[in-house]
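The values are calculated or read from the model by the stated rules, or taken from the named source; none is laboratory data. Keep in mind that what you see is a predicted model, and the values were worked out from it rather than measured. Cβ coordinates were reconstructed from backbone atoms using ideal geometry, including for glycine residues, and neighbour counts include every protein chain displayed.
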Amino acid sequence: MTNARVDTVENYFNKVSTISKVSNTLFWCSVILSFTIFFSGEYLNFNNLLNVLFILITVLYFIFSNWLSLFLLREAQNRRRVHLLSNSLGSKLDDEETNLYYNNPQSPSLYRLGMNVFENSLFTFRVTEKMVIGERIRIIVYLIVWMALMLFRETDLNLVSIVAQTIFTTGILISWIKLEILRHTSEKIFNEFRQLFLTNGSEKNDKIIPIILNLVFRYETTVASMGVHFSSKIFHSINPNVSTEWETVKRNIGL
């Protein structure tokens with residue numbers, strides 16, 4: 001194994017990123033078209049063409065978004081979960097390879113599994129902490145625009161309904177809420193792991209194994225149920241700083 005960072009599991013998430021970009025593009029095209037259709041009612045032929053295009057893009061968005069959430073993201077997360085077990089327990093459950101993804105010297109054991117998820121929870125917390133800033137801004141802007149349109153008496157109610165539909169029925173609000181839940185939960189699990197290892201140190205105490213497994217299951221269940229696709233751009237940008245933070249955490253709690 002070289003000193004270069006290797007993570008073959010990331011290939012699955014790269015495919016997720018590509019389809020996610022396509023899905024987002026289709027979503028915004030459908031939003032723009034819905035407004036264009038509203039303002040082009042006087043031009044019948046053009047309006048009919050836009051409606052056909054809107055239906056086509058909406059169907060494509062439905063296909064790509066569900067393919068992403070129901071298959072691609074689940075497959076990528078399953079690959080990561082299987083390799084987590086392989087790395088933690090020293091048993092090759094797949095053919096994936098990683099180097100410098102997990103930064104823990106413990107020998108294969110449930111104790112190492114806990115350390116790996118402890119590290120994962122820190123990175124998840126830091127990545128979602130950055131991601132949620134943009135989501136909060138976007139939601140606030142949407143709500144301000146919607147409220148402004150509602151307060152302006154001359155605004156056509158159909159326009160208000162289009163904005164409301166964009167906010168409340170397209171998953172934008174739910175995606176933000178899921179991201180907030182994942183950020184909060186990963187931070188909480190990280191702090192619980194920190195307290196657990198701070199109290200017990202590097203001593204392999206069998207009594208803490210059930211607690212470790214409980215935290216591992218809570219973390220993996222939350223990641224799977226929220227279905228959040230982490231931004232690879234943010235991950236790679238903060239990776240050096242968070243890796244340094246992780247080494248500091250280990251040193252401070254005697255690991």
### Summary
When (1) in contact with a helix residue (DSSP H, G or I) (Cβ under 7 Å, 6 or more places away or on another chain); (2) surrounded by 20 or more Cβ atoms within 10 Å (Cβ to Cβ); (3) closer than 22 Å to V16 by Cα are applied to R81, the one that fails is (2)
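Residue-by-condition table, conditions (1) touching a strand residue (DSSP E or B) at 6+ places or on another chain (Cβ under 7 Å); (2) surrounded by 14 or more Cβ atoms within 10 Å (Cβ to Cβ); (3) hydrophobic (A, V, I, L, M, F, W, C); (4) over 17 Å from L110 (Cα atoms):
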position: N200; (1), (2), (3), (4): no, yes, no, no
position: V216; (1), (2), (3), (4): no, yes, yes, no
position: E220; (1), (2), (3), (4): no, yes, no, no
position: S232; (1), (2), (3), (4): no, yes, no, yes
### Task
May I ask you to list the residues in the stretch 205-253 that are small (G, A, S), modelled with pLDDT under 90 and under 19 Å from Y102 (Cβ atoms)?
S232
#### Entry: Hits in the stretch 20-34 (condition: at pLDDT 90 or above and either in the same structural domain as H229 (by TED's automatic domain parsing) or small (G, A, S) (or both))
S20, S23
#### Entry: Total residues in the stretch 243-255, condition crowded, with 17+ Cβ neighbours inside 10 Å and either touching a Pro at 6+ places or on another chain (Cβ under 8 Å) or β-branched (V, I, T) (or both)
2
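Identify, from the list F46, F71, F54, the residue that is in contact (Cβ under 8 Å) with a residue 24 or more places away in the chain and out of contact with any strand residue (DSSP E or B) (no Cβ under 8 Å at 6 or more places or on another chain).
Working: F46 fails: in contact (Cβ under 8 Å) with a residue 24 or more places away in the chain; F71 fails: in contact (Cβ under 8 Å) with a residue 24 or more places away in the chain.
Step by step, each of F46, F71, F54 is checked, and only F54 is in contact (Cβ under 8 Å) with a residue 24 or more places away in the chain and out of contact with any strand residue (DSSP E or B) (no Cβ under 8 Å at 6 or more places or on another chain).
The rows are residues; the columns are (1) closer than 27 Å to F125 by Cβ; (2) in contact with a Lys or Arg (Cβ under 7 Å, 6 or more places away or on another chain); (3) at pLDDT 70 or above; (4) outside the structural domain of I37 (by TED's automatic domain parsing).
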{"residue": "L143", "(1), (2), (3), (4)": "yes, no, yes, yes"}
{"residue": "L149", "(1), (2), (3), (4)": "no, no, yes, yes"}
{"residue": "L159", "(1), (2), (3), (4)": "no, no, yes, yes"}
{"residue": "I162", "(1), (2), (3), (4)": "no, no, yes, yes"}
{"residue": "Q165", "(1), (2), (3), (4)": "no, no, yes, yes"}
{"residue": "T169", "(1), (2), (3), (4)": "no, no, no, yes"}
{"residue": "I174", "(1), (2), (3), (4)": "yes, no, yes, yes"}
{"residue": "I177", "(1), (2), (3), (4)": "yes, no, yes, yes"}
{"residue": "E180", "(1), (2), (3), (4)": "yes, no, yes, yes"}
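Looking at the stretch 211-228, which of its residues are of a type outside the set (A, V, I, L, M), under 11 Å from Q77 (Cβ atoms) and touching a residue at least 12 places away in the same chain (Cβ under 8 Å)?
So in the stretch 211-228, the residues of a type outside the set (A, V, I, L, M) come out as 214, 217-222, 225, 227.
Right, trim to under 11 Å from Q77 (Cβ atoms) and you get 220, 225, 227.
Matches in the stretch 211-228: E220, G227.
Among the candidates S30, S40, S65, S20, single out the residue that is of a type in the set (G, A, S), without any contact (Cβ under 8 Å) to a residue 40 or more places away in the chain and within 25 Å of F230 (Cα to Cα). Spell out the reasoning first.
Details: S40 fails: within 25 Å of F230 (Cα to Cα); S65 fails: without any contact (Cβ under 8 Å) to a residue 40 or more places away in the chain; S20 fails: without any contact (Cβ under 8 Å) to a residue 40 or more places away in the chain.
Being of a type in the set (G, A, S), without any contact (Cβ under 8 Å) to a residue 40 or more places away in the chain and within 25 Å of F230 (Cα to Cα) holds for just one of S30, S40, S65, S20, which is S30.
Restricting the stretch 174-195 to residues that are touching a residue at least 60 places away in the same chain (Cβ under 8 Å) and within 20 Å of G254 (Cα to Cα), which is surrounded by the fewest Cβ atoms within 10 Å (Cβ to Cβ)? So that I can check it myself, show each step before the final result.
Applying the first criterion (touching a residue at least 60 places away in the same chain (Cβ under 8 Å)) to the stretch 174-195 yields 186-187, 189-190, 193-194.
Now restrict to residues that are within 20 Å of G254 (Cα to Cα): 189-190, 193-194.
Details: I189: 23, F190: 23, F193: 25, R194: 16.
Per the stated criteria, the residue is R194.
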